[in-house]
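Visitor: My questions all concern the structure below.
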Amino acid sequence: MLRRSLAVAFVACIGLTCHVYAQDAGARTSALVASLDKTKYKKKEKKDVSIEVYVGITNEAVIRDAYDYGGNYASEEGDYSLTLHVERGGAASGNGHDSINDRRMSFTLKDASISGALLSGTKVYENGEQQKFEAVFVNRTVATGKNENEVTSRDTKFGMGFIQKGEWSEGQYMNGTRRVFLERR
């Protein structure tokens, strides 16, 4: 009877841990998606000429079977890339490169996993440096036009977004962040 009670308690604790992790992954996904959104609006006026420029970037998390996220991802400029390998259970690995201070740095993605739309793991760079990594799989929409009410184009692409924290300088990461989007190729 005691063994059965301990087994039930153990299974219940595992279930609660998984439930709490799933809630944490959901909250982390939402926060990361929100941090990737951006809006720029500029208006210049000189004499009788007025120029307005609007760019709005919004992201929406995309939840699929983890295995379906595997593939090649790259930034439009080619300064970031990731080839992602995903197992049926959500365990992941990969390799790619980042462009840090105009220097291309190769990395291996280790100890990675996918929970919902959130990818987390560790980037291990060619020089041995390690950096925690979190990305979210999203549909990214870029709207452009004169202003928010006069959008002339809207383009949506699937990929992953993340925040590159810091810049590499003299053997260490410095302060600063950069929004990065890697489109699925």
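Visitor: Between E77 and T141, how many nm apart are label points set 7 Å from Cα along the C-beta direction?
Guide: 2.6 nm
Visitor: In what order do Y41, Y125 fall by count of nearby beta-carbon atoms within 10 Å, going from fewest to most?
Guide: Y41, Y125
Visitor: Could you tell me the distance between the Cα centroids of the stretch 114-138 and the stretch 23-59, to the nearest Å?
Guide: 25 Å
Visitor: Using the basic label-point model (7 angstrom from Cα toward the beta carbon), what is the D111 to D68 distance in nanometres?
Guide: Calculated label separation equals 3.0 nm.
Visitor: What ranking do S113, S30, S50 get, fewest neighbouring Cβ atoms within 10 angstrom at the top?
Guide: Details: S113 17, S30 14, S50 10.
Exposure proxy ranking, most exposed first: S50, S30, S113.
Visitor: Go through F133, G78, Y67 and say which Cα lies farthest out towards the positive end of the charge dipole of the stretch 33-185; charges sit on Cβ, +1 for Lys and Arg, -1 for Asp and Glu.
Guide: G78
No value in this document is a laboratory result; all are computed from the given coordinates. The structure displayed is predicted, hence computed values, not measured ones. All Cβ positions, even for glycine, are placed from backbone atoms using ideal geometry, and neighbour counts span all protein chains on display.
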